[in-house]
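Here's the structure we're looking at; comments come further down.
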Ligand SMILES: [Zn+2]
């Protein structure tokens with residue numbers, strides 16, 4: 001993997017680079033450890049909170065110019081304890097190993113609590129991301145519907161979920177939602193709704209309306225994880241819109257972890273919907 005974090009309690013991660021790692025750790029223990037004649041380098045996995053060893057930090061590797069992080073199967077004192085169950089369900093270690101929509105972890109640990117905290121504190125940005133990839137505006141009403149489902153589904157215990165993919169898993173676990181009356185921003189989706197739903201149109205407030213009895217829903221399915229050629233994780237899910245029983249729109253959504261990281265590092269005073277939407281999330285997830 002090419003990402004790491006410094007402490008299990010961190011909710012953000014860093015992209016691995018030689019200079020960045022040196023600056024972040026100031027070359028101090030427990031990140032730098034002497035072992036006989038060698039120097040070993042350690043950090044924490046952003047998904048499972050287990051220790052990781054940084055390979056190729058000081059020496060150029062044969063097959064790649066870049067250092068990478070690899071799970072380390074022992075506790076590093078002062079850094080992180082090794083947790084076998086967490087390692088076995090880590091998407092960076094075993095991509096796609098258990099993505100059954102109803103499969104849940106057996107216990108809520110610090111890792112799962114971090115997911116709930118991050119969703120609460122950053123729900124304005126979760127809503128913004130949703131709007132970006134679905135083209136549908138996340139109104140407080142829609143947010144509330146989805147939050148109720150996430151709680152009912154115990155979304156934080158979903159085995160394919162982690163801190164880095166939390167905003168996508170949040171909507172993935174929601175059930176199909178009605179599209180009637182929702183504000184639609186995506187021009188492609190607007191066109192499909194106007195053309196393929198017989199009595200459908202977009203009104204002057206950007207809302208999708210039908211005059212007939214068609215039942216139009218949107219929903220997410222097929223969460224997938226694969227290891228990419230660059231030794232990083234690639235995650236996708238499918239976004240569907242159906243009219244009665246017919247699929248009228250489909251789109252693959254690729255999880256952009258870096259974008260979520262950038263959005264949540266924006267200071268509170270610059271986040272327009274921070275107060276309103278995060279208060280709503282706190283009501284359900286707090
Ligand atoms: Zn891991």
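What follows draws every value from the coordinates through simple rules; no lab data is involved. Source: prediction; values computed, not measured. Cβ: placed from backbone, ideal geometry, glycine included. Neighbour counts: every protein chain shown.
General remarks:
- Its DSSP H runs of at least 4 residues, each contributing -39,500 (n - 2.57), put the calculated 222 nm mean residue ellipticity of the chain at -9000 deg cm²/dmol, to the nearest 500.
- With respect to the chain, whose longest principal axis is taken over its alpha-carbon atoms, helix 110-121 is tilted by about 50°.
- Grouping the Cα pair distances of region 131-207 into 5 Å bins from zero gives a pair-distance distribution of 3, 14, 22, 20, 17, 11, 8, 4, 0 percent in increasing distance order.
- Relative contact order, percent, region 110-285 [alpha-carbon distance under 8 Å, six or more residues apart]: 26
- The long axis of helix 140-152 is offset from the longest Cα principal axis of the chain by roughly 60 degrees.
- The length gained by stretching the chain between residue 84 and residue 283 to full extension, at 0.36 nm per residue less their Cα-Cα distance, is 68.3 nm.
- Helix 187-196 and the longest principal axis of the Cα set of the chain meet at an angle near 40°.
- Multiplying the residue separation of residue 266 and residue 132 by 0.36 nm and subtracting their alpha-carbon distance yields 46.5 nm.
- Largest-first principal axis extents of the Cα set of region 3-88 (Å): 32, 28, 26
- Label-point gap, in nm, between residue 141 and residue 236 - each point 7 angstrom along Cα→Cβ: 3.4
- Nitroxide proxy distance, nm - points 7 Å out along Cα→Cβ at residue 256 and residue 97: 3.0
- Length gained on full extension, residue 194 to residue 108: 26.5 nm, using 0.36 nm per residue less the C-alpha separation.
- Shape box of the chain [Cα atoms, principal axes, largest first, Å]: 77, 39, 37
- FRET efficiency, residue 9 to residue 37 (Cβ-Cβ, R0 41 Å, nearest 0.05): 0.80
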